[in-house]
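The values are calculated or read from the model by the stated rules, or taken from the named source; none is laboratory data. Fair warning: this is a prediction, and the values are worked out from it, not measured in the lab. With ideal geometry, Cβ positions are generated from the backbone for all residues, glycine too; neighbour counts draw on all protein chains shown. Surface areas here come from the heavy atoms of the whole protein model, side chains and all, with no ligands, DNA or RNA. Shrake-Rupley method; radii C 1.70, N 1.55, O 1.52, S 1.80 Å.
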Protein chains: 2
Amino acid sequence: MIFAERMRGMKPSAIREILKVTQAPDVISFAGGLPAPELFPVAEIARAAQQVMNEDPTGALQYGLTEGHGPLRSWVTTHVAETVRLHAEASDVLITQGSQQALDLLSKVLLDPGDIVLVENPGYLGALQAFQSYQADVVGLDADADGVRPAALERALAPAIRRPKFLYLIPNYQNPTGTSMSAQRRCEIAAIAARHQLLVVEDDPYGRLRFEGEALPALGELQPDLNWVYLGTVSKILTPGLRVAWLITRDKLLFQALAMAKQAADLHTSTFTQRVVEVAVRPAGWLAQHVETLCRVYRARRDVMLHALAEHVPQGRWNRPSGGLFLWVTLDGNIDTTEVLKAASEHKVAFVPGAPFWVGQPTPTNTFRLNFSNASEERILEGMARLGKLLRAAKAA
Amino acid sequence: MIFAERMRGMKPSAIREILKVTQAPDVISFAGGLPAPELFPVAEIARAAQQVMNEDPTGALQYGLTEGHGPLRSWVTTHVAETVRLHAEASDVLITQGSQQALDLLSKVLLDPGDIVLVENPGYLGALQAFQSYQADVVGLDADADGVRPAALERALAPAIRRPKFLYLIPNYQNPTGTSMSAQRRCEIAAIAARHQLLVVEDDPYGRLRFEGEALPALGELQPDLNWVYLGTVSKILTPGLRVAWLITRDKLLFQALAMAKQAADLHTSTFTQRVVEVAVRPAGWLAQHVETLCRVYRARRDVMLHALAEHVPQGRWNRPSGGLFLWVTLDGNIDTTEVLKAASEHKVAFVPGAPFWVGQPTPTNTFRLNFSNASEERILEGMARLGKLLRAAKAA
């Protein structure tokens, strides 16, 4: 059938099928990218919902503007000015249905089948899926502990090669690796992109979850003449279930095209959830304090996981992310982590094998991603012990 | 620029620009498709939001399944069974971000550039935009007071012509005309589509707003072997601001493709708003009673508008829709309603000229759409008097 052909690269992966099996309540899962639900600001959201319905109920329940709720767009400009020193006008802000929709709209507006999109390798699965759903040719760039290598970007921009449409990056605590781009690397990558007039899509869902070190500048702030789109969201600092995120670009023509694409895609994001967010973040200083709590708890969980890794996974290497939700493990030898996962539900522990995050060939099979934000310290300890057993069993097999 | 090319057929129309001017509070607008805000069930939604936050706050704020919230999908099956005698399993129901997203996902999954999509002529603008944003070749089928003409559909399916990908219909109180397909016409169209194995996308946002007459069956219920997708929404029976709608198909492969497309598009619709809807509609009989109120008020507004038309617009013909939000006016002679609209802000009244709803050439210029759901009876009377003056001034000019 026609649509089966169009869904190339979007088929439900074997891994997704296995992970479904690991969703039983007795399985300790490090697989998802879920925030800690016990830290959701439930009382504040409930109060905000009530306040929205008291303040202007019909406004909150009626159709709204495609671009988004005015006061929320204004708050976004304040938020990004405070957190990433990004200076934007409210008219540069497009409210999206999660950052995933921003990736979809950018793809729809910018990509033709066969167009090249550059990503960090390994890269964020949701972004790969969005680009591939528009039949883009996704090309992975070599990365190290400081982020994408400048030489890899230069090579991808060589005159003999088809010109890429854009470069997609998560500079802060990347998904899946947890890597943060160094300050110098940001300068180098931004300079190369600016020189080649390459559009950079900077996705920053995890930037506020900073456990240590200084906040590093956004790429567009380093290179004012960079062709640049910035994505942010409340999913990781407030809650993901409201589906409220934002795209910022100063390119008026691109903004207009994206807004028209959003109008055709879903008219607008829920007026109600937009207002709930806007009201919830109103009290001065509250969000910063809430994010501080998240960072304190996630930092401790990361540390517990790092200790447990040293104890239970002697046959591997891993990084020590300075923020975010994830860390990345590389096993010694040629253990196939996708194969290992098949016994995960038996051992009551889950992770995501690295394979689907890698772009191009050859795909390393001995990597996997661990999430440390969702489970409690006790569950992390227990889960890592189970993971150790699982890995030992796999090695023996 | 590349994306300007991709946005062909999506440019902000001159009409949209004029309509922006008519959004001043002293303008009486019959232009939008807005429900009456004073009838929004504010207390029920507010209570539902509170209850959701009491029952399972973390579930309501966490990431959710792409296909939708289980209890809401179950409710949808009950709702469509009661209202359109459609028998579906919860697993056939995909929750979408308004019906607009269903149109976007269907386009993404089914359409290649240049593919033919059949629509009623004139047709729903949001659907035309969605199909055109995927560079479809939208073909309008002649319609009369009973809906699409069978002969027009037969002609479009002639063997010499490229095979259309699907037929898009709003059988109940169509947007823009307010026309309802007759029972016989439904049978005829469904039979032709089934014989040609043509997919029918039946969009039913207004079906519950029935002022008189019997409810007529959905096309897929008339022809059990029809290749058929059904779209519904709470936008017109509850509120549009929550952005909760549904797509139903028994085609498992198509369902899977649409769910994957939705995952790439926005992961899922807000878990919070889905639950608010599900809790709001729980009390037995409440929604039916609420819809009865809507019908009573909208029926009276329609009648006021029909009387005012007879009084103030002697130079035209119009229909008497038996439900929905809209009616359709055709003026005598060659008055261009797009030109007339230019003086609308001066006369403090607005409508939507018919031109953008028409597909293909020649485009009639002497039609326009009126909405009767949004303004009170008093405002309708005053607005129609202004419209009469505006039309007389246009004729004299």
Using +1 at the C-beta of Lys and Arg and -1 at the C-beta of Asp and Glu, which of B:Thr177, B:Gly241, B:Leu199 has the Cα lying farthest in the positive direction of the dipole of the stretch B:159-279? B:Leu199
At least 20 Å² of accessible area lost relative to the chain alone, listed for the stretch A:35-55 with a 1.4 Å probe: A:Pro37, A:Phe40, A:Val42, A:Ile45, A:Ala46, A:Ala49, A:Gln50, A:Met53
Given the Cα atoms of the stretch B:214-302, and with Rh set as the inverse mean 1/r over their pairs in the Kirkwood sense, what is Rg to Rh to two decimals? 1.03
How many Å² of accessible surface get buried when B and A come together, counting both sides, probe radius 1.4 Å, rounded to the nearest 100? 5800
Per residue solvent-accessible surface (Å²) - the protein assembly as shown, probe of 1.4 Å: 37
Could you work out the relative contact order of the stretch A:233-366? I mean the mean sequence separation of Cα pairs under 8 Å and 6+ apart, divided by the number of residues, in percent. 14
Once you have a ≥ b ≥ c as the square roots of the Cα gyration tensor eigenvalues for chain B, tell me rounded if a/c is under 1.5, and otherwise prolate or oblate according to whether a/b is larger than b/c. oblate
Interface residues, the stretch B:203-243 - accessible area loss of 50 Å² or more versus chain alone, probe 1.4 Å: B:Gly241, B:Arg243
Stretchable slack from A:Ser91 to A:Asn54, in nm (0.36 nm times residue separation minus alpha-carbon distance): 10.6 nm
Full extension from A:Leu39 to A:Gln184: what is 0.36 nm times the residue separation minus their Cα-Cα distance, to one decimal in nm? 48.8 nm
Quick one: in chain B, whose Cβ comes closest to the B/A rotation axis, and how close in angstrom? B:Ala49, 2
Given axes a ≥ b ≥ c from the Cα gyration tensor, I'd like to know whether the stretch A:168-255 is rounded (a/c under 1.5), prolate (a/b larger than b/c) or oblate. oblate
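Just for the stretch B:132-259, what percent of DSSP beta bridges are antiparallel, to the closest 5?
If I count the DSSP bridges inside the stretch B:132-259, around 45 percent turn out antiparallel.
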Top of A:Ala156, A:Ala265, A:Ala350 by mean-square fluctuation, Gaussian network on chain A, Cα under 10 Å: A:Ala265
Residue-normalised 222 nm signal for chain B, counting each DSSP H run of n ≥ 4 as -39,500 (n - 2.57), nearest 500 deg cm²/dmol, is -13000 deg cm²/dmol
Which of A:Ala36, A:Ala385, A:Ala81 fluctuates most in a GNM of chain A (C-alpha springs under 10 Å)? That residue is A:Ala81
If you average the C-alpha positions of the stretch A:288-307 and of the stretch A:104-149 separately, how far apart do those two centres end up, in angstrom? 30
I'd like the Karplus ³J(HN,Hα) series for the stretch A:35-48: coefficients 6.51, -1.76, 1.60, θ = phi - 60°, whole numbers in Hz, and an x wherever there's a Gly or Pro. x, 6, x, 5, 9, 4, x, 4, 4, 5, 5, 4, 4, 4
Give a residue-ordered list of calculated ³J(HN,Hα) values for the stretch B:276-293 (Karplus: 6.51 cos²θ - 1.76 cosθ + 1.60, θ = phi - 60°; whole Hz; x for Gly, Pro). 4, 4, 4, 6, 4, 8, 5, x, 4, x, 5, 5, 4, 5, 4, 5, 4, 4
Dividing the mean separation of Cα pairs under 8 Å (6+ apart) by the residue count of chain B yields a relative contact order in percent of 24
Projecting each Cα onto the charge dipole of chain B (Lys/Arg +1, Asp/Glu -1 at the beta carbon, about the Cα centre), which of B:Ala259, B:Ala136, B:Leu294 comes out farthest on the positive side? B:Ala136
Given H placed 1.01 Å from N in the peptide plane, which residues other than close sequence neighbours of B:Phe166 have an amide H under 5 Å from its amide H? B:Leu118
Can you compute the charge dipole magnitude of chain A about its Cα centre, using +1 on each Lys and Arg Cβ and -1 on each Asp and Glu Cβ, nothing else charged? Give it in debye, rounded to the nearest 20. 540
Under 5 Å from the placed amide H of A:Val349, counting only residues 5+ away or on other chains, we find A:Ile28
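Can you send over the carbon and sulfur percentage of the accessible area for the stretch A:96-139, probe radius 1.4 Å, protein chains only? Show your work: numbers first, answer last.
Details: 380 of 790 Å².
So the carbon and sulfur contribution to the accessible surface is 48 percent.
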At B:Ala343 and A:Asp336, where each label point lies 7 Å from the Cα along Cα→Cβ, what is the point-to-point distance in nanometres? 7.7
Under a Cβ-only charge scheme (Lys and Arg +1, Asp and Glu -1), can you give me the dipole magnitude of the stretch B:112-207 about the Cα centre, in debye to the nearest 20? 240
For the stretch A:303-396, which GluC sites (Glu not before Pro) pass both filters: DSSP loop (anything but H, G, I, E, B) and at most 16 other C-beta atoms within 10 Å? none
Let a ≥ b ≥ c be the square roots of the eigenvalues of the Cα gyration tensor of the stretch B:82-164; is it rounded (a/c under 1.5), or, if not, prolate (a/b larger than b/c) or oblate? oblate
So, with a 1.4 angstrom probe, what is the percent of accessible area on the stretch B:279-327 that is carbon and sulfur? 54
Once amide hydrogens are built 1.01 Å from N within the peptide plane, the residues lying 5 or more places from B:Asn121 or on another chain with amide H under 5 Å from its amide H are B:Leu141, B:Ala143
Work out how much length B:Glu378 to B:Asp144 would gain on full extension: take 0.36 nm times their residue separation and subtract the Cα-Cα distance, in nm to one decimal. 81.1 nm
Unit charges on C-beta of K, R, D, E only; dipole of the stretch A:52-174, Debye: 300
Output, in nm with one decimal and in ascending order, the distances from the B:Gly333 label point to the matching label points of the other copies (7 Å from Cα along Cα-to-Cβ). 9.1
Any idea which of A:Pro356, A:Ser270, A:Asn371 is furthest toward the positive side of the dipole for the stretch A:240-397, if Lys and Arg beta-carbons carry +1 and Asp and Glu beta-carbons -1? A:Ser270
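Computed over the Cα atoms of the protein assembly as shown, what is the convex hull's projected area averaged over all directions, in nm²?
33.5
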